[in-house]
Amino acid sequence: MILHLLNRSPATAGTVDDALAAMGPDDRLLLIEDGVLGALPAQASLFTGLAGRLFALREDLAARGLLERCAEQANIVDVEGFVTLTEEADKTVSWF
Amino acid sequence: MRYALLVQGGPYSSQASHSALRFARAVVERGHRLDTVFFYHDGVYNAARLAAPPQDEPHLGDAWRMLHDEHGTELLVCIAAGLRRGLLDEREAARHGKAGHSLEPPFELTGLGQLVEAGLSHDRLITFSP
Amino acid sequence: MNETEIATGERVTEGDLLVILRHSPHGSSWLREGLDTALVAAAFGQRVSLLFSGDGVLALLDGQQAGALGQKGTHGVIDMLAMYDIETLLVDAHALISRGLSTEDLLLPVSVVEGAALPKLLDQHRLVLNF
């Protein structure tokens, strides 16, 4: 299982498509930095195939005023949870 | 576990360095070993000796140095990316006939082979890019 | 190239390092820096695969030249891949099609990857670096 990191807003960059195309059926996606815009309900349709495998970093959501605006499908993790996700994955791949 | 980080974003121009530093602290807090941070692309500017950010902003260079002092993390800067961007230690400055140097220990100029080595020999390599 | 048959009959490339190149020549240093990483890893004896994806497929396009100020670009590096025993050159099919290109436009023979072969490729390498 690979942990993919996405730091680009899906609303402005096609990077999210590259990341999704490279994801296997058990892989996980963590949204960080501007990637957390992907956790907004308006972007939710992009990630319907990732039930239980979509994560967003709490502090990057909070810094942008987005913490209370997230779609329910995104699991919100703090930085300790970020470390845990890297522990649980065989490797990580960053998309930017 | 043994971790290595690859930092490719310039300090203060993208969030990458801040994200990497936050993750670095969380990794050692958890009890893992953070052996190596490798700076590549514009990430090499993290090693700039003369960086003088406003006092009410986090000082990234000092924070990396503290990580080295407290946890022995090696701070490796790609020499090819560094020289192109004006990051020279004393030896390289002398070799290129420059009046001053812009990078000093604990940051070290090193080859890309060290990145490959870190990536393959550590349990995890996490990349932070702009 | 090291290939193994998998259950579905697709061929999957294995290796130590997969370098994914997603940026075009000249516009930024990502492509050159990614290629440099691949060359160094190969020189250290690692099995390296290259995946050209997104605008990275332009790295393989015929007819490239130096920039107006003499910037070298990356086509010279592409010519050196074989010398470094980097023979696993993969191209994302979608990236080619969406740019109106085909493998006939490319400098070197490549293997085209698409669909489920893409995640398997990432899975089969110990380290994946994205540039």
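Odds and ends about this structure:
- Shown are A:CYS70, B:CYS78, whose ranking by accessible area with a 1.4 Å probe and every protein chain present, most to least, is A:CYS70, B:CYS78.
- Measuring with a 1.4 angstrom probe and ignoring ligands and nucleic acids, B:ILE79 comes out at about 50 Å² accessible.
- Within 10 Å of each Cβ in C:115-128, the average number of Cβ atoms from other chains: 4
- Whether segment B:1-127 is rounded, prolate or oblate, judged on the alpha carbon gyration tensor where a/c under 1.5 counts as rounded: oblate
- Per-residue mean of C-beta atoms belonging to partner chains within 10 Å, peptide B:105-113: 2
- Within a Gaussian network of chain B (alpha carbon springs, distance under 10 Å), most fluctuating of B:PRO58, B:PRO106, B:PRO11: B:PRO58
- Placing pseudo-labels 7 Å out from each Cα toward the beta carbon at C:ARG126 and B:LEU83 gives an inter-label distance of 2.9 nm.
- Take the Cβ atoms of A:LEU67 and C:ASP85, set R0 to 56 Å, and the FRET efficiency comes out at 0.65.
- Segment C:2-130 shape via C-alpha gyration tensor axes, a/c threshold 1.5: oblate
- Charge context of A:ILE2, other residues only, Cβ under 13 angstrom, K/R +1, D/E -1: +1
- Packing-based ranking, highest mean first, of C:24-30, B:42-48 given that Cβ atoms within 10 Å are counted: B:42-48, C:24-30
- Computed on protein heavy atoms with a 1.4 Å probe, the accessible areas place C:LYS72, B:LYS98, C:LYS120 in the order C:LYS72, B:LYS98, C:LYS120, largest first.
- Cα lying deepest toward the dipole's positive end in chain C, options C:LEU101, C:ALA82, C:ALA41, charges on Cβ: C:ALA41
- Ordered from highest to lowest accessible area with the whole protein assembly present and a 1.4 Å probe, A:ASP18, C:ASP62 read as C:ASP62, A:ASP18.
- With helices as the sole contributors, the protein assembly as shown gives -8000 deg cm²/dmol at 222 nm; each DSSP H run of n ≥ 4 counts as -39500 (n - 2.57), and the sum is divided by every residue.
- Relative contact order, whole percent, for segment C:2-130 stands at 32, derived from Cα pairs under 8 Å and 6 or more residues apart.
- Cα gyration tensor, the protein assembly as shown - rounded (a/c under 1.5), prolate or oblate: oblate
- Computed in the context of the full set of protein chains, the accessible area of segment B:64-130 at 1.4 Å probe radius has 46% of its extent on carbon or sulfur.
The values are calculated or read from the model by the stated rules, or taken from the named source; none is laboratory data. Remember, it's a predicted structure, so these values are computed and weren't measured experimentally. Virtual Cβ from ideal backbone geometry, glycine too; neighbours counted across all protein chains shown. For accessibility, only protein heavy atoms count, side chains too; no ligands or nucleic acids. Shrake-Rupley method; radii C 1.70, N 1.55, O 1.52, S 1.80 Å.
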